[in-house]
Amino acid sequence: MKILAILALCVVKIFALSIVNGEAIVLKFNKNTSEILANGKKIPLVNSLGSDEKIAIIAANYRAKNDIKLKITQDGKTTTEIINLIKGDYKSEAFSVAPSKVKPPKEAKARIERELAEANKIYAKTTPKILLQKPFLLPSNAKITSAFGNARTFNGELKSYHSGTDYRAAMGTDVHSVGEGVVVIAKDRYYAGGSVVIDHGAGVYSQYYHLSKILVKVGDKIGGGDKLGLSGASGRVSGPHLHFGIAINGVSVNPLDFINKFNKVVFENE
C-alpha cells in the first residue's frame, strides 16, 4: 500500500488514502496543523525529526469494519477526509498449549485483569516527541513462524488473532531492541510470559514477549540494537520463539509493515 505523506500545503488534500484493518499509516503535516481527529478521537501530533513538520499515526483496529473519518484543523480551518478501510487477507492457524492458558484457574483471573489494566494505562499515554534518532531496526533475521493477524485457535476452542509477528528463536537467543526508547514494562505476565515493552515516543510501543530472561528494568533508556533479554517459552506458547509487536495509541498493528512505513516517512522523507 502506497504511503501518502501530507506535505507543507496551505490547504491539506489527501487523495485515495486507504488503510488495511490491523495496519497503520504515517502522515506528515505542516507546522500550522493544530489538531487531528480520527472518528472523533484525538490523534497525537508530534514534531518530525529535523524539520518543523508534524507527524500523526493513524491505526486501524484489527476488528475495524468502517472507514475512518479524518478531521484536520490547520490555520484555524477544519477539513474532513475519508480513509477507506480495506479488509486484510489474514490466514488461520491452530495451536496446542497448556490447558491453564486457555481456561485460567480462578486464582489467575485477578492477575490477568491486573496485567491488562496496567498495559492499557501505559498505552494510553503518549510521549509527545519521537525518541528515535535512527530508523527502526528489524527485531530478527530469523524465519517468521507466525505472521501478524492470523486467526488463531487454541486447543480447538479459544479463538483470537495474532497481535504480533513470531520469529523462530531457540531457547536463550539474544533479543535486541528495534530502536531508541524507554522501558515501560519488564516483568513476567500470565499470557505474554517474560515481557519487555519500550516507549519510542509519539504513541509507539514495541513489545518483546515469551522471554526466558529479562536484562532490563522499567525506566532504562534503550538504544537501537541494545540487548533486552533472552528468548524463551514462557506464557501462552506451543514452543520457544520471539513474539514481536507494535502498539500505536493502544492499537496493535502489523509491526513489520509499520516499521517500513515509519522509516520511509520520518527518515527517508518520502
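For this structure, a couple of remarks:
- Filtered by the rule that a residue be within 21 Å of residue 250 (Cα to Cα), part of a strand (DSSP E or B) and either of a type in the set (Val, Ile, Thr) or not assigned by TED's automatic domain parsing to the domain that holds residue 142 (or both), the range 167-218 gives 182, 183, 184, 185, 196, 197, 198, 204.
- Test for residue 177: is it within 26 Å of residue 49 (Cβ to Cβ) and of a type in the set (Gly, Ala, Ser): yes
- Number of residues in the range 44-56 that are among the hydrophobic types (A, V, I, L, M, F, W, C) and farther than 10 Å from residue 202 by Cβ: the value is 1.
- Among residues of the range 231-250 being assigned to a strand (DSSP E or B) and either within 27 Å of residue 202 (Cα to Cα) or not assigned by TED's automatic domain parsing to the domain that holds residue 99 (or both), the one that is farthest from the chain's Cα centre (by Cα) is 242.
- Residue among 183, 237 that alone is touching a His at 6+ places or on another chain (Cβ under 9 Å) and among the β-branched types (Val, Ile, Thr): 237
The values are calculated or read from the model by the stated rules, or taken from the named source; none is laboratory data. If you're wondering where the values come from, they're calculated on a predicted model, not measured in any experiment. Cβ atoms come from the backbone with ideal geometry, glycine included; neighbour counts cover every protein chain shown.
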